[in-house]
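Structure first, then comments.
Every read-out reported here was derived from the displayed coordinates using simple, explicitly stated rules and does not represent laboratory data. Keep in mind the model is a prediction, meaning the values are calculated, not measured. For neighbour counting, all protein chains shown are included, and Cβ atoms are generated from backbone atoms with ideal geometry for every residue, glycine included.
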Amino acid sequence: MYGGGNVEGSASVPVYDGESLAKKGLVVVTMNYRLGVFGFFTHPALTKESDTSGNYGILDQVAALQWVRDNIAAFGGDPARVTIAGQSAGASDAHTLVASPSAKGLFARAIEESGSNISATLRTLAEQERDGVRFAEAKGAHSLADLRAISWKDLMTPVTVAGGDAPLRFGPVVDGHLLPALPNEIFAQGKQNDVPELTGLNKDDLGGGVPHPDTTVEAFEKSASQRYGDMSGAFLKLYPAGSSNEQAGLSQNASARDQMRTSMYLWALNRAKTAKTKAYTYYWDHTLPGPDADKYGAFHTSEVPYVFNSLSKSDRPFTDADHKIAEMMSSYWANFATTGDPNGKGLPHWPSVSEKPGMTMEVGDKNAPINVAGSKAKEEFFTEFFAKRSPVQRP
């Protein structure tokens, strides 16, 4: 499942080409699914019409998995060894499928790239229906008939309502059907689709390869105060703003990376409370070559062409080192899809979370387990921070 915030994306993106993975014994299926208002729009009148609304995009994914179950043997695939995989919004969708009873028995493992953290949330149907009403009002629609009379182009035009600083967005919801409860509740009850999971994040998913130019000592300290409240003093001791904007920027990037890795580790620990299967986590550190390499670093989505070993689909100046990394990454992914374990002959050993607590696998330039944060004190800080936040809504 492709990324794109569940508002854009396509299975036809060149780097999703499955030829190299097919050479490793996989049958690669990419799926398109409804996006934006067509994939996730909710409205009380729609709910009344069919007992629920929203989650249409996820239902498309379920339908694709049902098709795979019924037909993949004709293409040489094993319906008992189906792996769902997604990046960014696609990773979030994979989490939804892991929690959904509608997807029970349709897959045997799950891969979530840049999409596992302890604080991710889902809205309830009622919460998102309110945005549906506001969306319809902004479009001048007073009924479902009015909405259905609007052209698809006009429906796709973003809507920003009074008091809002961003357009209304619609995503997966707890609808009582596809998701009968919040995913964390489903996990707490042990009712999830308990399959091995491989998940991770990119070094520069959030901040880029170099500090943001707007990061100043003053801005960094103000942001720390707003975000961490009475914990901001402890945060600034661990990540000092220093006396220069350069130091503040470095602390900003370091704290973002430690926070992401700790959040992912806490997600894995939360999962382990009821899961009988293993989880493998990673931290992608490789920078794509090109004129913007130093600026963006190991940016969001940058691991995808290596996972697919589809570097030939990009015009970046790849080197022999890049091709070796792509061969390694695609082998890890192929092994996991085949056996539920990424390890295999000739690859650096990748321990599961249960095998090496407090560690995650760094992959790309360096390929070995590392601590989930820069120090134990930093891990403990973010663990306490997440514990104080509002209740977790997605494992």
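Some notes on this structure:
- Within region 63-101, restricting attention to residues that are over 25 Å from V15 (Cβ atoms) and surrounded by 19 or more Cβ atoms within 10 Å (Cβ to Cβ), the residue that is farthest from the chain's Cα centre (by Cα) is S100.
- Scope region 6-18; condition touching a helix residue (DSSP H, G or I) at 6+ places or on another chain (Cβ under 9 Å), in contact (Cβ under 8 Å) with a residue 24 or more places away in the chain and within 23 Å of W333 (Cα to Cα); matching residues: G9, P14, V15, Y16, D17
- Count - residues of region 93-139 that are in contact with a helix residue (DSSP H, G or I) (Cβ under 6 Å, 6 or more places away or on another chain) and of a type in the set (V, I, T): 2
- Among the residues examined, T274 does not qualify as out of contact with any helix residue (DSSP H, G or I) (no Cβ under 9 Å at 6 or more places or on another chain), surrounded by fewer than 21 Cβ atoms within 10 Å (Cβ to Cβ) and in contact (Cβ under 8 Å) with a residue 12 or more places away in the chain.
- Counted residues, region 156-176 - those being within 24 Å of the chain's Cα centre (by Cα) and in contact (Cβ under 8 Å) with a residue 24 or more places away in the chain: 10
- Considering the conditions (1) crowded, with 16+ Cβ neighbours inside 10 Å; (2) touching a residue at least 40 places away in the same chain (Cβ under 8 Å), A141 is excluded by exactly one of them, (2).
- Hits in region 152-184 (condition: assigned to a loop (DSSP other than H, G, I, E, B), of a type in the set (A, V, I, L, M, F, W, C) and either exposed (fewer than 12 other Cβ atoms within 10 Å of the Cβ) or on the phi > 0 side of the Ramachandran plot (or both)): A162, A166
- All of L147, L59 fail the test of being surrounded by 16 or more Cβ atoms within 10 Å (Cβ to Cβ) and in contact with a Lys or Arg (Cβ under 8 Å, 6 or more places away or on another chain), apart from L147.
- Any hit, region 358-366, residues being of a type outside the set (A, V, I, L, M) and farther than 21 Å from A254 by Cβ: no
- Residues (among the charged types (D, E, K, R) and under 30 Å from A254 (Cα atoms)) located in region 170-206: E197, K203, D204, D205
- Checking each residue of region 120-136 against the condition of being in contact with a Leu (Cβ under 6 Å, 6 or more places away or on another chain) and not in a helix (DSSP H, G or I) gives no match.
- Contact map, region 296-307: residues that are closer than 11 Å to S114 by Cβ paired with residues that are crowded, with 21+ Cβ neighbours inside 10 Å and among the aromatic types (F, W, Y), Cβ distance under 7 Å, separation 6+ or inter-chain. Pairs shown: A298/W284; E303/W284.
- Flag for R271 being not in a helix (DSSP H, G or I) and not hydrophobic (A, V, I, L, M, F, W, C): no
- Tally, over region 211-253, of residues that are surrounded by fewer than 15 Cβ atoms within 10 Å (Cβ to Cβ), of a type in the set (G, A, S) and not in a helix (DSSP H, G or I): 2
- Selected residue [of a type in the set (D, E) and within 30 Å of F382 (Cα to Cα)] from E113, E137, E129: E113
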